[in-house]
Every structure is written in C-alpha cells, then in structure tokens.
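Written below as structure tokens is the structure these notes are about.
The values are calculated or read from the model by the stated rules, or taken from the named source; none is laboratory data. No experiment lies behind these values; they were computed from the predicted model shown. Neighbour counts are summed over all protein chains in view; Cβ atoms, including those assigned to glycine, are modelled from backbone coordinates with ideal geometry.
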Amino acid sequence: MNRKLRRKEGQTLVEYIILVVIIAIAVIAIAGVFSDRIRSMFGGATLELGGEQDKVNEATQTESKDFLKQVNKDGPISGN
C-alpha cells in the first residue's frame with residue numbers, strides 16, 4: 001500500500017512538471033509574438049513616469065531581434 005502511494009505521488013509530481021513546462025513554453029511564445037507591442041506599452045509607461053521621448057522612440061522603432069542584439073552587445077544598461 002505504501003509503495004503504491006509513493007508511486008502515485010511521483011506520478012503527480014511529473015504531471016505538475018509537465019504542466020509547468022507547457023505553460024513556460026506558451027509564455028515564451030506569446031512574449032515573442034507580442035514583444036514589439038509589449039515594448040511600446042512599456043515605452044508609454046516610461047513617458048508617463050517622466051522618461052525621455054527620444055529614448056522611447058529609439059526603443060519602440062527598433063525591431064525585437066535588433067533590440068536583443070544590441071542588449072547582448074552593450075549589456076542590459078547602455079551608457080548612451
């Protein structure tokens with residue numbers, strides 16, 4: 001009886017892990033599809049909080065792949 005209970009608990013844990021992996025893949029896919037829109041929304045929020053218009057324009061006019069290349073090259077915070 002005890003062995004059967006442990007096996008069932010292990011099976012439940014594996015099911016939860018599979019569920020978390022599926023959700024993570026979905027979140028990554030959605031973020032990839034909507035990354036330009038998300039960046040423009042954050043740009044608008046930055047302006048509302050007193051950010052600089054030219055930095056927001058620069059960030060929102062750059063495509064996601066180019067933006068990520070620049071972040072990888074300069075690091076997350078550039079000295080510009």
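Restricting the range 69-80 to residues that are part of a helix (DSSP H, G or I) and more than 18 Å from the chain's Cα centre (by Cα), which is modelled with the lowest pLDDT?
Of the residues in the range 69-80, the ones part of a helix (DSSP H, G or I) are 69-74.
Those left that are additionally more than 18 Å from the chain's Cα centre (by Cα): 73-74.
On the way: LYS73: 75, ASP74: 68.
Across the range 69-80, the extreme among qualifying residues is ASP74.
Just checking, does the range 57-68 include any residue being at pLDDT 75 or above and surrounded by fewer than 10 Cβ atoms within 10 Å (Cβ to Cβ)? No, the range 57-68 has no match at all.
Applying the selection to the range 34-44, what residues are part of a helix (DSSP H, G or I) and surrounded by 11 or more Cβ atoms within 10 Å (Cβ to Cβ)? If the condition is that a residue be part of a helix (DSSP H, G or I) and surrounded by 11 or more Cβ atoms within 10 Å (Cβ to Cβ), then SER35, ASP36, ILE38, ARG39, SER40, MET41, PHE42, GLY43, GLY44 are the ones that fit.
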